[in-house]
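No lab work stands behind these numbers, since they all come straight from the coordinates. Computed from a predicted model, the values in this text were never measured in an experiment. When we count neighbours, we look across all protein chains shown, and the Cβ atoms used for this are built from the backbone with ideal geometry, even at glycine.
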């Protein structure tokens, strides 16, 4: 009888651990400070300037690559608030946003940050540089799969060709 109770307890514990809260078909949520009104409305931003990926400060790009591996940079902007404080607002390929202060320190995030099985990046969320490369070098060939892993975009085209790009969207070579 004690053996059956022990087996029941082990099954119950393994079931509970395997179905942890927050896990779903999209993966496990990343522990990240979410914004609560820190990101200003566009109309309240002073002197907002759009940034190309390569113009986003290296500290910020490195933060994204190390702390949010699997998410790629799409674009960025810099702006000031009424107190003349400068902020960097970064758009990621999951439609999320990251806010950094003028010292390039992370402030908060908006969006859905999960890792796991569904890491495929839709074509429209790839950096423009990658889309331009595909249109110029592979016209009419569709995208089968795109992922961002270890600081690189890895794409597989419908014809089976696999291409790698750095986080700025520069072509590296065949994967």
Given (1) outside any loop (DSSP other than H, G, I, E, B); (2) without any contact (Cβ under 8 Å) to a residue 24 or more places away in the chain, number of the condition residue 140 does not satisfy: (1)
Unique residue being assigned to a loop (DSSP other than H, G, I, E, B) and within 17 Å of the chain's Cα centre (by Cα) when the list is 168, 155: 168
